[in-house]
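Below you'll find the structure, written out as structure tokens, and then a few comments.
The values are calculated or read from the model by the stated rules, or taken from the named source; none is laboratory data. None of these values were measured; they are calculated from a predicted model. For neighbour counting, all protein chains shown are included, and Cβ atoms are generated from backbone atoms with ideal geometry for every residue, glycine included.
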Ligand SMILES: O=C(O)CCC(=O)C(=O)O
Ligand SMILES: [Mn+2]
């Protein structure tokens with residue numbers, strides 16, 4: 001898509017088992033609408049699995065080992081998901097990826113994520129691996145600056161997008177689920193992003 005931003009079209013194969021894994025994660029750590037440090041609720045609902053989970057509240061953005069809603073550790077990262085992330089990273093040119101965090105975003109019709117960069121992790125030598133399930137959406141890649149006309153790509157369920165190296169801190173965002181075209185999959189889009197956070 002851009003230097004060091006690699007689209008692996010259809011990489012996951014059938015997605016039913018991945019969706020079932022997400023359901024087991026959200027049964028233990030439910031989807032919630034986090035607030036930005038400024039107090040605005042985010043339109044995507046989210047949860048986490050893995051040793052660390054990303055949270056946002058009035059104290060800022062950070063990773064936490066426990067779910068603030070329950071006080072319990074985040075659900076473990078299912079082997080199916082970890083393995084998928086490792087294979088995708090290797091296929092995109094980053095062998096040896098060992099994610100310790102997986103953010104799970106859920107987008108209902110109209111929900112989106114504005115331009116931002118993933119910058120709360122410690123290790124920027126490791127890539128981001130992003131998996132689309134459910135419905136398709138347009139993904140926007142801005143690159144080094146949050147300005148100008150982004151590159152656009154339509155992410156289909158089963159697609160995996162990997163970015164790393166000089167692109168690791170690139171600005172990106174995503175539009176709402178493409179509902180009209182998602183009759184088969186239902187209107188929800190689920191996105192998994194795997195990171196080496198700690
Ligand atoms: O849903 C997406 O495709 C992007 C999600 C994302 O950028 C994030 O969780 O930081
Ligand atoms: Mn992001």
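Does region 41-52 contain at least one residue that is assigned to a loop (DSSP other than H, G, I, E, B) and more than 20 Å from residue 21 (Cβ to Cβ)? For region 41-52, residues assigned to a loop (DSSP other than H, G, I, E, B) and more than 20 Å from residue 21 (Cβ to Cβ): present.
Within region 100-119, the set of residues being surrounded by fewer than 24 Cβ atoms within 10 Å (Cβ to Cβ), closer than 17 Å to residue 53 by Cβ and more than 10 Å from ligand 2 (Cβ to nearest atom) comprises 100, 101, 106.
Only one of these is away from ligand 1 (no atom under 13 Å from the Cβ), more than 27 Å from residue 67 (Cβ to Cβ) and buried (at least 20 other Cβ atoms within 10 Å of the Cβ): 164, 96. Name it. Steps first, please.
On the way: 96 fails: buried (at least 20 other Cβ atoms within 10 Å of the Cβ).
Of the residues listed, the single one that is away from ligand 1 (no atom under 13 Å from the Cβ), more than 27 Å from residue 67 (Cβ to Cβ) and buried (at least 20 other Cβ atoms within 10 Å of the Cβ) is 164.
Can you find even one residue in region 21-39 that is at pLDDT 95 or above, surrounded by 15 or more Cβ atoms within 10 Å (Cβ to Cβ) and touching a helix residue (DSSP H, G or I) at 6+ places or on another chain (Cβ under 7 Å)? The answer is yes; a qualifying residue exists. Screening residue 12 on (1) touching a strand residue (DSSP E or B) at 6+ places or on another chain (Cβ under 6 Å); (2) closer than 17 Å to residue 193 by Cα; (3) within 16 Å of ligand 1 (Cβ to nearest atom); (4) in a loop (DSSP other than H, G, I, E, B) shows it passes everything except condition (1). Of the candidates 175, 143, the single residue that is out of contact with any helix residue (DSSP H, G or I) (no Cβ under 6 Å at 6 or more places or on another chain), on the phi > 0 side of the Ramachandran plot, within 15 Å of ligand 2 (Cβ to nearest atom) and touching a residue at least 40 places away in the same chain (Cβ under 8 Å) is 143.
Looking only at region 121-135, residues that are crowded, with 16+ Cβ neighbours inside 10 Å and either at pLDDT 95 or above or closer than 17 Å to residue 42 by Cβ (or both) come to 9 in all.
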